[in-house]
1. Please count how many residues of the range B:110-141 are among the aromatic types (Phe, Trp, Tyr) and assigned to a helix (DSSP H, G or I).
2. List the helices (runs of 4 or more DSSP H) inside the range B:147-214, counting only whole elements, that have at least 1 residues being among the basic types (Lys, Arg).
3. Take A:MET129 and decide whether it is surrounded by 22 or more Cβ atoms within 10 Å (Cβ to Cβ), under 19 Å from the mean Cα position of the chain (by Cα) and either within 30 Å of A:ALA225 (Cα to Cα) or more than 8 Å from chain B (Cβ to nearest Cβ) (or both).
4. What number of residues within the range B:35-61 are in a loop (DSSP other than H, G, I, E, B) and more than 10 Å from B:GLY267 (Cβ to Cβ)?
5. Would you call A:SER113 at pLDDT 85 or above, out of contact with any helix residue (DSSP H, G or I) (no Cβ under 7 Å at 6 or more places or on another chain) and assigned by TED's automatic domain parsing to the domain that holds A:GLY88?
6. Name the residue that is modelled with the lowest pLDDT, counting only residues in the range B:139-168 that are facing chain A (nearest Cβ under 10 Å) and crowded, with 20+ Cβ neighbours inside 10 Å.
7. Just give me the residues in the range A:66-97 being aromatic (Phe, Trp, Tyr) and either within 21 Å of A:ALA217 (Cα to Cα) or outside the structural domain of A:SER170 (by TED's automatic domain parsing) (or both), in sequence order.
8. Kindly evaluate A:ALA93 against the criterion of being in contact with a helix residue (DSSP H, G or I) (Cβ under 9 Å, 6 or more places away or on another chain), of a type in the set (Gly, Ala, Ser) and modelled with pLDDT of 90 or more.
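The values are calculated or read from the model by the stated rules, or taken from the named source; none is laboratory data. Note that the structure is predicted; figures quoted are calculated from it, not measured. We place every Cβ from the backbone using ideal geometry, glycine too, and count neighbours over all the protein chains shown.
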Amino acid sequence: MNKSRTKKLIRVTFSYIILIIFCIISIYPVSQVLTVSLRPADRLLSTSLEIIPDNATIANYINLFVKTDFLRWMWNSLLITASVTLTGVILAATAGYGFSRYKFVGKKAAMQSMLVTQMFPATMLLLPMYIMLVNLGLINSYLGIMIMYSATALPFCVWQMKGFYDTIPSSLEEAGRIDGCSQFQTFYLIVLPLAAPALVITALFSFMSSWTEYVVAAQILQDTAMWTLPIGLKSFESNMSTEWGLYGAASMLVTVPVVVLFLVLSKYLVSGLTLGSVKG
Amino acid sequence: MNQTLRQKIFIFFLVTPALIILLGVVVYPFVYNVIISLSNMNLRHIKDWEIVGFRNYVKVFTEPSQPDFYVIFIKTVIWTIVNLFFHVVIGVFLALVLNQKEIRGKGIFRTILVLPWAVPQLIVALTWRGMFNYEYGSINQILGKVGLPAVEWLRSPTEAFVAAIITNVWLGFPFMMVIALGALQSIPHDLYEAADIDGASWYHKLRTITLPLIKPVMVPAITLGTIWTFNNLNIIWLVSNAGEPSDSTHILVSFVYKAAFNFYRYGYGAALSMIIFFILLIFSVVFMRKTKVTEAVY
């Protein structure tokens with residue numbers, strides 16, 4: 001008995017060591033961004049490994065707001081992200097429900113084609129849509145980028161929501177119908193609240209993908225005043241002279257809201273991410 | 001109004017908006033992409049293009065570019081396999097460690113371990129690029145501290161490719177970990193108790209209970225992960241700064257992005273996009289057939 005207890009102790013100790021090592025690996029690159037953002041201007045290319053540098057300063061953060069268009073970019077990003085997330089969640093919540101509960105012509109084909117869109121390389125939609133937006137005069141416009149982002153996010157969102165609705169037993173709706181609810185009421189009052197974890201995850205993914213997207217935005221938003229945060233951020237990092245201080249500060253301000261949101265909502269990840277209703 | 005008609009109207013309002021959008025922004029561009037791939041469209045012929053048949057497809061396979069299609073294809077396969085291997089192995093391993101009942105503070109560990117997933121990919125890529133810097137980057141600083149020679153991470157082809165893989169492994173393992181955790185939690189506990197009574201070893205339980213039971217959840221995740229990794233433009237593009245040194249650090253998707261948007265070879269880019277798409281389509285169909293897991297989806 002004593003022997004198995006020592007064995008268990010060794011196993012648990014090793015488990016903690018492994019977890020702590022991986023936690024350090026996870027945190028370290030993020031701590032680097034913080035370090036760079038706090039470095040004073042004359043020590044940006046320091047070789048020190050400290051996390052909080054000597055003479056830490058918030059000058060970079062101030063410069064970001066005073067000397068660059070950061071606020072403007074943030075406004076652009078907020079506007080675009082909010083619209084895309086809202087559209088994505090509403091459409092996915094309704095369409096996913098339709099796909100989950102009802103049979104109709106073309107349902108299987110539509111589900112399959114949504115899965116197939118995941119296999120499109122980025123350029124497959126980007127190139128034709130880019131030419132289409134050029135022809136429609138929507139380059140450098142909010143509408144153009146919103147269309148692009150909705151297009152890429154929607155299929156996965158619908159799939160994800162459909163998968164979650166599949167796990168909700170339809171006997172609940174039948175009970176609601178007997179109690180006199182209309183079809184819309186059963187959906188809105190009974191099913192939707194139960195689908196909250198999936199709605200949260202769908203919203204989170206839409207939010208994250210458009211808040212941080214770079215390669216599509218770089219083609220469509222070419223005017224500095226229309227830039228989103230990622231393009232502005234990338235502009236600090238160029239081959240000739242990287243503005244590490246500004247880059248670090250901007251990165252922190254872009255990352256912190258996403259990370260906080262993600263970590264707060266991460267308890268829903270396990271239940272909300274269903275990968276298309278495949279039950280374990 | 002009769003019942004079935006009302007139901008039909010309800011379904012119509014639920015599904016139609018999403019379908020119209022998908023038709024407009026997925027189906028239409030797809031068809032348009034096919035047309036572009038058969039045309040001679042480029043910067044000089046953006047309005048007066050004409051259909052030239054399969055010339056662009058032939059070019060993809062035969063044009064002696066530096067590097068050529070086959071080299072990049074093999075690199076893409078290596079990129080995908082190496083990344084997925086580490087994502088799944090690290091992810092499942094951490095999930096197993098974290099799922100032991102003796103571990104305290106599970107919530108805190110899980111929260112910290114999903115951090116790489118939470119950080120925007122753009123920032124991940126640029127930050128790691130900074131960390132791989134030869135003189136100032138912390139990777140070489142750390143290598144120096146333990147007495148290893150500094151590595152020219154970003155200036156030589158192989159090292160730059162390895163740097164991109166390290167970055168992508170870092171950001172990808174939490175996804176697999178979360179999926180595996182979800183799957184592990186759904187395994188009924190009495191299975192292990194029964195195995196314990198039979199005196200099964202730890203390894204035996206892993207092989208006969210844990211792995212088979214998380215497989216139905218892991219396979220779709222791996223399929224999606226493969227597709228996403230194969231098509232992950234962000235990391236390779238940003239870590240290698242558009243394929244540096246001298247276009248030797250490309251996977252297919254970054255190569256086609258460069259052809260289309262830096263060299264304005266629209267026809268060629270569209271043809272290469274189609275080829276990438278078909279490679280993935282064939283892979284997914286074969287993989288899904290073999291593993292038979294998504295049958296329940298429809």
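1. 2
2. Those helices (runs of 4 or more DSSP H) span B:202-205.
3. On the way: surrounded by 22 or more Cβ atoms within 10 Å (Cβ to Cβ): yes; under 19 Å from the mean Cα position of the chain (by Cα): no; either within 30 Å of A:ALA225 (Cα to Cα) or more than 8 Å from chain B (Cβ to nearest Cβ) (or both): yes.
No, not satisfied.
4. If we filter the range B:35-61 for residues that are in a loop (DSSP other than H, G, I, E, B), which is where we start, we get B:38, B:40-50, B:52-54.
Right, trim to more than 10 Å from B:GLY267 (Cβ to Cβ) and you get B:43-44, B:46-48, B:50, B:53-54.
Qualifying residue count for the region: 8.
5. Values: at pLDDT 85 or above: no; out of contact with any helix residue (DSSP H, G or I) (no Cβ under 7 Å at 6 or more places or on another chain): yes; assigned by TED's automatic domain parsing to the domain that holds A:GLY88: yes.
Here the answer is no, as A:SER113 does not meet what is asked.
6. B:ASN140
7. Filtering the range A:66-97 for residues aromatic (Phe, Trp, Tyr) gives A:70, A:73, A:75, A:97.
Correct list: A:PHE70, A:TRP73, A:TRP75.
8. Numbers: in contact with a helix residue (DSSP H, G or I) (Cβ under 9 Å, 6 or more places away or on another chain): yes; of a type in the set (Gly, Ala, Ser): yes; modelled with pLDDT of 90 or more: yes.
Here the answer is yes, as A:ALA93 does meet what is asked.
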